[in-house]
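Here's the structure, in structure tokens; my notes come after.
The values are calculated or read from the model by the stated rules, or taken from the named source; none is laboratory data. Predicted model only: the values in this text are computed from it and were never measured. So basically every Cβ, Gly included, is an ideal-geometry build from the backbone, and we count neighbours across all protein chains shown. Ligands, DNA and RNA are excluded from the accessible area calculation, which covers all protein heavy atoms including side chains. Shrake-Rupley method; radii C 1.70, N 1.55, O 1.52, S 1.80 Å.
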Amino acid sequence: MPFPAHFRWGVATAAYQIEGATTEDGRGESVWDVFCRTPGRVRDGHTGEVACDHYHRWPEDLALMADLGVDAYRFSIAWPRIQPDGTGPANPRGLDFYDRLVDALLDRGITPFPTLFHWDLPQALEEEGGWLNRDTAHRLAEYAALVARRLADRVEHWITLNEPVVVTAYGYALGVYAPGRALLLDALPAGHHQLLGHGLAVTALRAEGARRVGLANHYSPVWAAAEDDEADRRAAEAFDVFMNRCYTEPVVRGRYPDLSVLGGPDPASYVRDGDLAAIGAPVDFLGVNYYNPTRVKAPAPGDPLPFELVPVEEHPVTGMGWPIVPDALLDLLRTLHRTCPGVPLYITENGCAFDDSVHDEERIDFLARHIDAVRAAVAEGVDVRGYFVWSLLDNFEWVEGYHARFGLVHVDYATQRRTPKDSYAWYRDHIARSRGAVTG
Ligand code: IFM
């Protein structure tokens, strides 16, 4: 069963993970610059200071994309390049970089899918409370308007946020990602303020002429450790709310699921009148980032969280230790089709890290099986419009530093030499084959 003619094949990256040049052309500091400098936070003290040096080598990276034959490129815009202090007028040199990138993409027939916030919050905003401060939502909308004012004449598709749940969970609840705050369930307002920022940004983007706007969520289908155990099932429900439903339902239905299953602070203490109407501003698509399912069981007595993660042992795992379960992607797409009727979906991230080899049979197998799951969903009538591999290049994988390699292209960080892996050739052939066998 071929993919429809309008289906877009793409690759995805994010600013802090590839750009480097963290002090150039007036870029301000982000929470990740500060976090990486803090001893013990990132493996081997790696930082994004140089990363893949994409800020200087983007023409070479674009040539790789053109050769791959992708229809679309999902990248992120570094907020601290546009507003070094997170507020005030745009830094023209920051905008110029993305302006050139967009023009060069369009010249090659590649559709840009910029993401406005992929975790690199300006440090100045963090010092005012970061995402715990509701004002940050307004700052995101202001920043979105500045970017759209420059680019919306050429950029059709916009993604406001990347994986707000990861910022909430790892950045504010557990403290293992920037900004490193360990507030457990008191982190929930950080999630709400990101969603509010999303909603306000949707409206601001449209006012500046943006035509299609969505957000990219991280989804992990959840399995109860023992299906017949009531407490495990309750834990699974709580995890589903925390991880998945919290970031989708307010956006597509204008209401939260029942947050009492989490046992966090009373939502009335941070959700104000009008917030859900703002968050529920209609979107044109949902971005789906999928890597693996999660199994949970009931927490031990006294545990502050309403679930406890247990390993998924019956499936092979990637180099990150993440179980490889393409069927869970199919289930997820069915669920989103059912729960978000009429909202087109893009797989905005899917991919895997394996050991450092350009002969990456395991990645080819991973991608082929996940693409088959997407194909099956499309055949059932799920409106999936595109698929983006995470990632074009090996890059800075957050707390794993440069140890985890997700790229279709190998990067030698000592020389910045790019070497396409076998999976790159496979994906290029896959795209070419799909073009030759389209429907519609
Ligand atoms: O590298 C990340 C990306 O920044 C967000 N989604 C998951 C990827 C792999 O961990």
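The figures follow:
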item: Heavy atoms of Asp355 accessible to a 1.4 Å probe, total area in Å² rounded to 10; result: 130
item: Other-chain or far-sequence residues with amide H under 5 Å of Arg385's (modelled H); result: Leu345, Tyr346, Ile347
item: Virtual spin-label span in nm between Arg334 and Asp412, 7 Å along Cα→Cβ; result: 4.7
item: Theoretical gain in end-to-end length, Thr419 to Arg212 [0.36 nm per residue, Cα-Cα removed]; result: 71.1 nm
item: DSSP-assigned coil residues among GluC sites (Glu not before Pro) in region 351-407, each with at most 16 further Cβ atoms within 10 Å; result: Glu380
item: From phi via Karplus (6.51, -1.76, 1.60), per-residue ³J(HN,Hα) for region 319-327 in Hz, x at Gly/Pro; result: x, 8, x, 8, x, 9, 9, x, 4
item: Descending principal axes extents, region 1-115, alpha-carbon based, whole Å; result: 51, 35, 23
item: Shape of region 1-50, Cα gyration tensor, a/c cut at 1.5; result: prolate
item: Other-chain or far-sequence residues with amide H under 5 Å of Val310's (modelled H); result: Arg295, Val296, Lys297
item: Apportionment of accessible area to carbon and sulfur, the chain, percent (1.4 Å); result: 50
item: Simple Cβ-charge dipole of the chain, Lys/Arg +1 and Asp/Glu -1, about Cα centre, in debye nearest 20; result: 1180
item: Solution diffusion estimate, µm²/s, Stokes-Einstein, region 304-440, Kirkwood Rh from C-alpha pairs, 4 °C, viscosity 1.567 mPa s; result: 78
item: Approximate spin-label separation His359-Thr203, in nm, with each point projected 7 Å along Cα-to-Cβ; result: 5.8
item: Cα convex hull volume per residue for region 259-355 (Å³); result: 158
item: Listed residues His56, His118 arranged by accessible area, highest first, probe 1.4 Å; result: His56, His118
item: Two-site label geometry, Arg435 and Asp44: point separation in nm, points 7 Å out along Cα→Cβ; result: 3.7
item: Met65, Met320, Met1, reordered so the largest accessible area comes first (probe 1.4 Å); result: Met1, Met320, Met65
item: Gain upon complete extension [Asp67, Thr87; 0.36 nm per residue less C-alpha separation]; result: 3.4 nm
item: Residue-normalised accessible area of the chain, expressed per residue, 1.4 Å probe, Å²; result: 37
item: Stokes-Einstein translational diffusion, the chain - Kirkwood Rh over all Cα pairs, 1.002 mPa s, 20 °C, in µm²/s; result: 98
item: Cα gyration tensor, region 59-196 - rounded (a/c under 1.5), prolate or oblate; result: prolate
item: Amide H partners (placed H, <5 Å) of Met320, local residues excluded; result: Ala353
item: In Hz, Karplus ³J(HN,Hα) per residue of region 366-379 (6.51, -1.76, 1.60; θ = phi - 60°; x = Gly, Pro); result: 4, 5, 4, 6, 6, 5, 4, 5, 5, 4, 5, 5, 4, 4
item: Whole-number D in µm²/s for region 124-223 (Stokes-Einstein; Kirkwood sum over Cα pairs; 4 °C, 1.567 mPa s); result: 92
item: Equivalent-ellipsoid semi-axes of region 246-310, from the Cα gyration tensor, Å, largest first; result: 27, 19, 7
item: Accessible area in the full protein assembly, largest first, 1.4 Å probe, for Tyr256, Tyr290; result: Tyr256, Tyr290
